[in-house]
Amino acid sequence: MTERKPPGVSFESFVDRQIREASERGDFRALPGFGKPLADDSAPYDEQWWVKDKMHREGVSVLPPALALRKEAEDALAATATARTEAEVRRRLEAVNEKITTALRRPPPGPPLGLTPFDVDAAVREWREARGEGG
């Protein structure tokens, strides 16, 4: 694997030789990211870059509870457009309405919630109209 630097050989030439030999053997071809461009390094240095990068790769998002609930409510409303049944529309909106009601009773830390529970019946009417089923 790695060998010790022989005495009398400069460190730089020893390392350069090992890199060249590994490259010739093709040891670097199997590395993740081989052949892909390097990440942009023009951004200012951030000590937490590795944490943010890991969170991005893992699909993790850390939002204050109020903003997370806003996002969840927005996603639930958008998901009603693709719902297959009226019961599914009701189930999705009623689930998020419970969370909104709880948050209104005991506001979470962070920015103001700025939400009110959805009118489920109105959402169901809109869902029916969008599908051409009428009222």
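Considering each residue of the range 39-97, count those that are among the charged types (D, E, K, R) and touching a residue at least 40 places away in the same chain (Cβ under 8 Å), and give that number.
Here the count works out to 2.
Count, please, the residues in the range 100-110 that happen to be farther than 18 Å from Asp75 by Cβ and either assigned to a loop (DSSP other than H, G, I, E, B) or in contact with a strand residue (DSSP E or B) (Cβ under 7 Å, 6 or more places away or on another chain) (or both).
Final tally of qualifying residues: 4.
Residue by residue, here is whether (1) open to solvent by 50 Å² or more (accessible area, probe 1.4 Å); (2) within 27 Å of Glu129 (Cβ to Cβ); (3) of a type in the set (Val, Ile, Thr); (4) out of contact with any Ser or Thr (no Cβ under 9 Å at 6 or more places or on another chain) holds:
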| residue | (1), (2), (3), (4) |
| --- | --- |
| Val15 | no, no, yes, yes |
| Arg20 | yes, no, no, yes |
| Val51 | no, no, yes, yes |
| Thr101 | no, yes, yes, yes |
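For the range 20-71, give me each residue that is polar (S, T, N, Q) and either part of a helix (DSSP H, G or I) or under 30 Å from Leu113 (Cβ atoms) (or both).
Result: Ser23, Gln48, Ser61.
When only residues in the range 103-124 that are surrounded by 15 or more Cβ atoms within 10 Å (Cβ to Cβ) and modelled with pLDDT of 90 or more count, which is farthest from Ala66 (Cα to Cα)?
Top of the filtered list is Val124.
The values are calculated or read from the model by the stated rules, or taken from the named source; none is laboratory data. No experiment lies behind these values; they were computed from the predicted model shown. Don't worry about glycine lacking a Cβ; one is built from the backbone with ideal geometry, like all the others, and counts go over all protein chains shown. Note: accessible area is taken over every heavy atom of the protein model, side chains too, but ligands, DNA and RNA are not part of it. Shrake-Rupley method; radii C 1.70, N 1.55, O 1.52, S 1.80 Å.
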